[in-house]
1. Please give the contour-minus-distance gain from residue 19 to residue 319: 0.36 nm per residue of separation, less the Cα-Cα distance, rounded to one decimal in nm.
2. Order these by the 10 Å Cβ neighbour count, fewest first: 304, 18, 360.
3. At a Förster distance of 30 Å, what's the computed FRET efficiency of residue 354 paired with residue 264, Cβ-Cβ distance as r, to 0.05?
4. Can you tell me the 0 to 90 degree angle between the C-alpha axis of helix 96-105 and the longest principal axis of the chain, rounded to 10?
5. Considering lysine pairs in segment 149-259 that are 8 or more places apart or on different chains, how many have Cα atoms under 17 Å apart?
6. Report the full-extension gain for the segment residue 32 to residue 205: residue separation times 0.36 nm, less the Cα-Cα distance, to one decimal in nm.
7. For a quick check of your reading of the filter: which trypsin sites (Lys or Arg not before Pro) in segment 307-351 sit in a DSSP loop and have no more than 12 other Cβ atoms within 10 Å?
8. Once both axes come from the Cα atoms, what is the angle between helix 357-373 and the longest principal axis of the chain, in degrees from 0 to 90, rounded to 10?
Amino acid sequence: MQIHNLGFPRIGAKRELKFSLEKYWRGELTQADFLAECKERRQINWKVQQDAGIELLPVGDFAHYDHVLNTTLLLGLAPERFAEHSHDYSDEKQNALDLEFRIGRGQAPSGCQCAASDMTKWFNTNYHYIVPELSAQLLANERLVNTDTLLTQFDEAQTVTDNRKAIVLGPITYLYLSVCKNEEKLSLLPALLTRYQAVLSKLSDAGVQWLQLDEPVLGLELNSKWHQAFKQAYQQLEKGQLKILLTSYFASIDHHVNLIKDLNFDGLHIDTIAEQSDVNGIIERLPNNWIISLGVINGRNVWKTDLASVYETVLPLYNMLGERLWLAPSCSLLHSPVDLEQESKLDSEFKSWLAFAKQKCQELSLLKTALVSKNTDEIAQY
């Protein structure tokens with residue numbers, strides 16, 4: 001069995017990233033110093049997770065601004081009005097950080113002021129993302145995908161562990177969340193898949209073993225056209241040496257299992273918290289060599305988990321699946337505060353009911369120990 005994490009809060013236990021961002025925007029911190037502080041924050045985040053017991057660390061969950069905007073930059077799809085004010089595309093690439101901030105907030109320490117892209121809520125959470133703006137013209141531009149940032153961070157994580165996975169937002173969710181003027185979204189899918197294929201190929205060539213491909217759109221009711229688009233995408237994309245963990249969260253995906261089961265994935269993550277889900281029924285319908293990742297710790301609240309109850313639920317599945325079973329939070333821990341140990345002014349009894357991101361990772365470790373050893377003493381004490 002392996003325990004992994006779908007994502008960790010990037011802000012820092014004491015909101016360090018927020019303060020660094022504001023200093024950079026005010027001109028009180030150079031870009032080099034800001035990026036150095038971000039690198040340090042990633043290292044701290046990985047070490048906190050590893051020390052808490054996470055075995056397969058996430059890479060690609062860190063963002064200066066927003067992970068959907070990260071995907072836009074990864075795919076080389078910055079809206080055209082921002083590129084128009086660069087002398088050429090190489091100039092744009094050299095100052096990717098300020099391009100990112102101009103898209104997100106309309107201005108940055110360098111470059112023109114332009115109308116920022118729209119921001120809206122990430123599914124049914126209070127997290128907001130920058131809405132991608134797509135067009136046939138944009139998808140046909142000469143800018144290439146840029147995996148440098150993701151692969152650099154993947155290399156950085158190797159100083160903490162070799163056991164790490166990359167994270168990318170999947171093409172169907174990305175397209176579904178985008179806005180397209182005067183064009184039907186699904187008509188853009190072939191060109192978008194060309195860019196995704198380039199990303200997958202580069203990750204495969206770089207030696208990435210596991211890719212967490214996030215498709216939370218699977219929790220929605222999709223019509224037949226989107227069903228076909230999902231099937232088309234994952235029949236067409238060639239993963240090379242990658243192993244792909246299809247990941248969805250925020251809702252049950254029971255109604256999409258028939259769509260998923262015949263496609264070329266290596267595992268599936270199931271959010272068992274958000275809605276009632278027939279986990280046994282899903283497992284029975286999936287290929288018997290797939291990894292089954294169960295999201296058993298709530299990634300969206302601040303409350304301690306009833307580990308004894310989760311243990312009783314998961315034990316039969318562990319006995320059935322063995323090393324095919326992975327355990328994780330239900331979704332990224334982005335939505336949780338970072339570390340309960342920072343809270344020195346809370347009533348002690350109230351504090352004993354809480355678990356933040358770090359503590360949720362520790363809960364997973366406790367659960368694994370109990371399952372492997374069939375000893376629940378530590379869970380009982382928790």
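Readers should treat all values here as calculations from the given coordinates under stated rules, not as data from a laboratory. All figures in this text were calculated on a predicted structure; none of them were measured in a lab. Methodologically, a virtual Cβ is constructed for each residue, glycine included, from the backbone with ideal geometry; neighbour enumeration extends over all protein chains shown.
1. Using 0.36 nm per residue and subtracting the Cα-Cα distance, I get 103.3 nm.
2. 18, 304, 360
3. For R0 = 30 Å, the calculated efficiency reads 0.15.
4. 80 degrees
5. 8
6. Numbers: separation 173, 0.36 × 173 = 62.28 nm, distance 2.86 nm.
59.4 nm is the gain from fully extending residue 32 to residue 205.
7. For trypsin sites (Lys or Arg not before Pro) across segment 307-351 that sit outside H, G, I, E and B with at most 12 neighbouring Cβ atoms in 10 Å, the list reads 345.
8. Value to nearest ten degrees: 40.
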